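Asks: Pasting in a structure now, in C-alpha cells, and then I'll have a few things to ask.
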Amino acid sequence: MSDKTILDGKSEWMVKSGAFFCKPAFQREERYLVLEYTDIAGTVESGAITEDELSVLTKIAGEVEAYRMQRRGEIGKFFKCVVVESDWPEYELVWKMIEDRMRQAR
C-alpha cells in the first residue's frame with residue numbers, strides 16, 4: 001500500500017507503510033487582536049472613545065509588547081505581522097499556504 005493522506009474535514013488520516021495514523025485536521029484559530037490605526041483614529045474623532053481611553057489603550061498595547069519581548073527573550077525586537085483582510089482576494093490563498101505548511105510540519 002502506498003503512503004497517502006485522506007482528509008475527512010475533521011481528521012487527517014495518513015496511511016504509511018500499511019499503518020493508519022489519525023491527526024486532527026488543520027483548524028483556523030483566532031489568535032490575534034488587530035486594531036487598525038485608521039479605525040482607532042476614527043473612534044477618537046467620532047467621540048466613541050476619549051483621548052484618555054486612547055492613552056489607556058496605548059499603555060496596554062505597550063505593556064503587552066514588553067511582556068511578549070520578555071517572554072520570548074527578545075528585548076527590543078518588536079512583534080511583526082502580516083494582516084490579510086477577509087475581503088482581499090489573497091485571503092483564502094494565504095490560509096491555504098499556512099495550512100499546507102502546518103501539514104508538512106506534522
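The values are calculated or read from the model by the stated rules, or taken from the named source; none is laboratory data. Small disclaimer: the values here were computed from a predicted structure and weren't measured. Positions of Cβ are backbone-derived with ideal geometry, glycine not excepted, and every protein chain shown enters the neighbour counts.
Asks: Just to be sure before I move on: is M14 loosely packed, with under 10 Cβ neighbours inside 10 Å, over 25 Å from the mean Cα position of the chain (by Cα) and modelled with pLDDT under 65 in the structure I sent?
Replies: no
Asks: List the residue pairs whose Cβ atoms are under 7 Å apart, where the first residue sits in the range 34-47 and is surrounded by 10 or more Cβ atoms within 10 Å (Cβ to Cβ), the second is outside any helix (DSSP H, G or I) and of a type in the set (A, V, I, L, M, F, W, C), and the two are 6 or more positions apart or on different chains.
Replies: T43/I49
Asks: Within the range 61-73, is there a residue that is farther than 28 Å from I98 by Cβ, in a helix (DSSP H, G or I) and either at pLDDT 85 or above or out of contact with any Asp or Glu (no Cβ under 7 Å at 6 or more places or on another chain) (or both)?
Replies: Looking through the range 61-73, at least one residue is farther than 28 Å from I98 by Cβ, in a helix (DSSP H, G or I) and either at pLDDT 85 or above or out of contact with any Asp or Glu (no Cβ under 7 Å at 6 or more places or on another chain) (or both).
Asks: Another question, then. Regarding the range 51-59, can at least one residue be identified that is surrounded by 10 or more Cβ atoms within 10 Å (Cβ to Cβ), of a type in the set (S, T, Y) and at pLDDT 70 or above?
Replies: Yes, the range 51-59 contains a residue that is surrounded by 10 or more Cβ atoms within 10 Å (Cβ to Cβ), of a type in the set (S, T, Y) and at pLDDT 70 or above.
Asks: Quick one: what pairs do we get from the range 51-67, first residue under 15 Å from L35 (Cβ atoms), second not hydrophobic (A, V, I, L, M, F, W, C), C-beta under 9 Å, 6+ apart or different chains?
Replies: Close Cβ pairs satisfying both conditions: E53/T43; L54/T43.
Asks: Now a separate question. Would you say K96 is surrounded by 10 or more Cβ atoms within 10 Å (Cβ to Cβ), of a type in the set (D, E, K, R) and in contact with a helix residue (DSSP H, G or I) (Cβ under 8 Å, 6 or more places away or on another chain)? Steps first, please.
Replies: Working: surrounded by 10 or more Cβ atoms within 10 Å (Cβ to Cβ): yes; of a type in the set (D, E, K, R): yes; in contact with a helix residue (DSSP H, G or I) (Cβ under 8 Å, 6 or more places away or on another chain): no.
So K96 fails the test.
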